[in-house]
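Undergrad: A single structure is presented below for examination.
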Amino acid sequence: MGLLSLGTPLHWNEAKEYADHVHKHGILQFLNIYNSQKDQKKQRLLWGDEIEYLVVKFNDKEKSTKLSLRAFDILEKLTKPETDYVEGLTDKAPDALWRPEYGRYMIEGTPGQPYGSTFRDLIQVEANMKLRRKLAHDAMDPDEHAVSLVNYPRLGCPHELYPDYEPKGSACQSLFVPDEIINPHARFPTLTANIRRRRGSKVKINMPIFHDNNTPKPFIDPTIPWDRDLFKHDKEAKEGAALPDHIYMDAMAFGMGCCCLQLTFQACCIDEARRLYDQLAPVTPLMLALSANSPIYRGYLADVDARWNVISASVDDRPPEERGEEPLKNSRFVINKSRYDSIDSYLSNDATYKAKYDDIDLVYDKDIYNTLRENDIDEKLAKHIAHLFIRDPLVIFKELLDVDDKLSSDHFENLQSTNWQTMRFKPPPPNSSIGWRVEFRSMEVQMSDFENAAFSVFIVLLTRAILSFGLNFYIPISKVDANLQTAHKRDAVLNEKFYFRKHVFNNRSKTDTEKEEDEDAYELMTMDEIENGFPGFVPLIHSYLNSTNIDIETRCKLSSYISLISKRASGELMTGAAYLRKFVQNHPAYKQDSVVSSEITYDLVKRADQIAKGEYHPVELLGNFSA
Ligand code: GLU
Ligand code: MG
């Protein structure tokens, strides 16, 4: 989730006084990095994945589960090999790196070393993911398990935490979750409280309920404590924050407590990173739809399959003026999106980019933009950074206000790492040997490591195909936004259409272009057409593989990964979301009323764990590949 700094975090009232300081020094830090690293070249691709897990405690006797708030004890054990290695106590490099996440019930694991560019590297991914899961489990109590569900189905329902706490914390002031659910590191409760303070109200998350045969219409949630009167924000639910026919959630944990699968790529140079950023941006919504795995929130089946909008609303710190609901008086900008959202502009200067693709009116800080331009940052990059910097720093540590801008990137990272967008362009850390990177952030974590490996490898191979064939996926960026919303819909993969470019090869011959009025034409396509059509992602990846030297065994393994994605797109296999929804609907205890009870939750989480461990193999989800 990004940067962890230590010190005394400031209350928003004080922090806002230093926003300019952080902005100003953040830009100086960026300029220092840019100037020292802009010509840096790396010989080879490095990449890595991040998987976030829930820690779930099972009670098999009572057939119940709870979210375990012991992530910190577990992480202490998990990080020991890394700490020992860093401190020189051992020569053995760690197999995995572990980090805390927003939820006190979450852990995040990455491979111990980045993967390289060889095919051999690609077939190690699944094994490393499996090893990570085992390491995680070994560091837990025997009844705890690392479950890679996006969202704990009953997060925010009473008595679902271990240990149990009443929902009455001052940081989130939630009607449903206690502050103890938040990572206790000072950064996280402060982030939570400062989002609320800056916004002037609690965050407001409403996901449409899935109306089943016995779901009341309208659905007015009987489990909301409508009349609670503990905090001033308690009235919000009653005063309209909680919408009828929706699952209402009121805390950052509902979003940032979700788990994802992210990939980071180190490019050979800054220009390649910028090109990958642009080409992968239109891919992010498509992969959200294909990886969709979160149809349940706060004990109810939702009418969406994916988490993105939940997280987006869960960290939306914009006060009414920034949201455009009141005239600007104290705020500087009307901002079209939350900090956690899709990107608003492309970044590359290569020949295939055209200004018309950037059809969103970009909000950016003009002063910062001018400073960057005066310092020889090109227009696109200057706008990109000046756009990230329309946000205020939310967590400021008093002790870390004055730092050496040549040695530190803390202030830059403060803004960079709290712009949680579908793609992230990552400059190297100061004075390091790391290159220019991009992060692919939209995908939902999958129940099994076969699936997590498949999604990861698929995107890695797609980046190779993009670079070696010079593919062009540009469409107007507003259409990428539209696709992101479409991706949330129930069974979007099967029933919806997504904007995609008709011609993905550059350098088309003159006759081709003459025949076609518009070489930049795009149209609505099914997921099957985009992935499996001609030339869809799947055939493109296969042509790329055909153009390389690759042994049979490796080829088979990679093909099974590609096939999984291909079959999800064609509907031959189910998405995780479809599988989970069906699991609930077929459960003997389900009353067709959208309610996902504790009993159903136990069986569902158990099933997810069995799938992860290979103890259960649902062919409709996984096909016959990993058997
Ligand atoms: N857990 C968040 C998600 O599901 C991402 C947090 C992070 O940036 O690591 O997208
Ligand atoms: Mg994370």
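Read-outs throughout are calculated quantities, based only on the coordinates presented, and are distinct from any laboratory measurement. Only a predicted model underlies this, so the values are computations on that prediction, with no experimental measurement involved. Cβ sites come from the backbone with ideal geometry, for glycine too, and all protein chains shown count toward neighbours.
Undergrad: Which one, ILE296, PHE412, LEU558, projects farthest toward the positive side of the charge dipole computed for the chain from Cβ point charges (K/R +1, D/E -1)?
TA: Comparing the listed Cα positions along the dipole, LEU558 ranks first.
Undergrad: Follow-up question, since we're still on this one. Relative to the present Cα-Cα distance, how much length would full extension add between GLU399 and VAL334 at 0.36 nm per residue of separation?
TA: Result for the pair: 20.2 nm of gain on full extension.
Undergrad: Let me ask another. Once you keep just the Cα pairs under 8 angstrom separated by 6 or more residues, what percentage relative contact order results for the chain?
TA: Relative contact order, the chain: 20 percent.
Undergrad: Which is farthest toward the positive dipole end of the chain among VAL363, SER348, VAL150, measuring Cα position about the Cα centre, with Cβ charges +1 (Lys, Arg) and -1 (Asp, Glu)?
TA: VAL150
Undergrad: Can you tell me which of 146-158, 113-125, 227-239, 526-538 comes out highest on packing, and rank the rest after it, using the mean Cβ neighbours within 10 Å?
TA: 146-158, 526-538, 113-125, 227-239
Undergrad: Give me the dipole magnitude in Debye, nearest 20, for the chain about the Cα centre, with unit charges on the beta carbon: positive for Lys and Arg, negative for Asp and Glu.
TA: Values: 78 positive and 95 negative charges, 46 e Å.
Computed charge dipole of the chain: roughly 220 debye.
Undergrad: Assuming R0 = 45 Å, what is the FRET efficiency of LYS235 and ASN624, from their Cβ-Cβ distance, to the nearest 0.05?
TA: 0.25
Undergrad: A further question on this structure: When the convex hull of the C-alpha atoms of segment 518-624 is computed, what volume per residue in Å³ does it have? Numbers along the way, then the final one.
TA: Values: hull volume 14.7 nm³, N = 107.
Per-residue hull volume (Cα only) is 137 Å³.
Undergrad: To make sure I understand the rule: partners must be lysines, Cα under 16 Å from the Cα of LYS406, and not fewer than 8 residues away in the same chain. Which ones qualify?
TA: Result set, ordered by chain and number: LYS24, LYS38.
Undergrad: Further question on the same structure: Given Cα pairs under 8 Å that are at least 6 residues apart, what percent is the relative contact order of segment 151-309?
TA: Contact order relative to length: 30 percent.
Undergrad: Further question on the same structure: Suppose every Lys and Arg Cβ carries +1 and every Asp and Glu Cβ carries -1, with no other charges. What dipole size does segment 100-232 come out with about its Cα centre, to the nearest 20 debye?
TA: 740 debye
Undergrad: What residues have an amide H closer than 5 Å to that of ILE296, excluding those fewer than 5 places away on the same chain, when H is modeled at 1.01 Å from N in the peptide plane?
TA: Counting only residues 5 or more places away or on other chains, the set is ALA302.
Undergrad: Please list 3J(HN,Hα) in residue order for segment 298-315, calculated via the Karplus relation 6.51 cos²θ - 1.76 cosθ + 1.60 where θ = phi - 60°; whole Hz, with x for glycine and proline.
TA: Along segment 298-315, the couplings run 6, x, 10, 6, 9, 8, 10, 10, 9, 7, 3, 5, 5, 5, 3, 6, 6, 10 Hz.
Undergrad: Here's a follow-up. Ranking request for peptides 549-561, 371-383: highest mean number of other beta-carbon atoms within 10 Å first, then the rest in descending order.
TA: Ranking the peptides 549-561, 371-383 by packing returns 371-383, 549-561.
Undergrad: Could you tell me whether segment 65-149 comes out rounded, prolate or oblate from its Cα gyration tensor? Rule is a ≥ b ≥ c as square roots of the eigenvalues, rounded for a/c under 1.5, then prolate if a/b exceeds b/c, otherwise oblate.
TA: oblate
Undergrad: Can you bin the chain into rounded, prolate or oblate? Criterion: square roots of the alpha carbon gyration tensor eigenvalues sorted a ≥ b ≥ c, rounded for a/c under 1.5, prolate for a/b above b/c, oblate for the rest.
TA: Note, shape of the chain comes out rounded.
Undergrad: Which is farthest toward the positive dipole end of the chain among VAL605, VAL438, HIS21, measuring Cα position about the Cα centre, with Cβ charges +1 (Lys, Arg) and -1 (Asp, Glu)?
TA: Selected residue: VAL605.
Undergrad: Same structure again: If contacts are Cα pairs under 8 angstrom and at least 6 residues apart, what is the relative contact order of segment 300-421 in percent?
TA: Reported relative contact order: 22 percent.
Undergrad: In addition: Projected area of segment 203-342, taken from the Cα convex hull and averaged over every viewing direction, in nm²?
TA: Working: hull surface 46.2 nm².
Taking a quarter of the hull surface, the average projection is 11.6 nm².
Undergrad: Mind putting together the pair-distance distribution for segment 399-478? All Cα pairs, 5 Å bins, whole percent per bin, short to long.
TA: 3, 11, 14, 18, 17, 16, 11, 6, 5, 0
Undergrad: Quick check on segment 381-434: take the gyration tensor over C-alpha atoms, sort the square-rooted eigenvalues as a ≥ b ≥ c, and tell me if it's rounded (a/c under 1.5), prolate or oblate.
TA: It comes out oblate by the Cα gyration axes.
Undergrad: Can you spot the aspartates and glutamates whose alpha carbon is less than 15 Å from LYS479's alpha carbon? Ignore those fewer than 8 places along the same chain.
TA: Within reach: ASP278, ASP341, ASP344, ASP358, ASP359, ASP361, GLU496, ASP520, GLU523.
Undergrad: Between ILE550 and GLN43, what FRET efficiency follows from the Cβ-Cβ distance if R0 is 25 Å, with the result rounded to 0.05?
TA: Here the calculated transfer efficiency is 0.75.
Undergrad: Next question. Output ³J(HN,Hα) for segment 488-500: one whole-Hz value per residue in order, computed from phi by the Karplus curve 6.51 cos²θ - 1.76 cosθ + 1.60 with θ = phi - 60°, and x for Gly and Pro.
TA: Coupling constants for segment 488-500: 6, 4, 4, 6, 3, 4, 8, 9, 9, 10, 10, 5, 8 Hz.
Undergrad: Sticking with this one: Using Cα-only point scatterers and the Debye equation, what is log10 of I(q)/I(0) for segment 540-602 at each q in 0.23 Å⁻¹, rounded to two decimals?
TA: -0.93
Undergrad: Sorting check: for 348-355, 306-313, which peptide has the highest mean count of neighbouring beta carbons within 10 Å, and how do the rest follow?
TA: Descending mean neighbour count gives 306-313, 348-355.
Undergrad: May I pose another question? Mind jotting down a quarter of the surface of the convex hull over the alpha carbons of segment 579-620, in square nanometres, one decimal? All intermediate terms of the calculation are to be shown ahead of the outcome.
TA: Working: hull surface 11.5 nm².
So the mean shadow area of the Cα hull is 2.9 nm².
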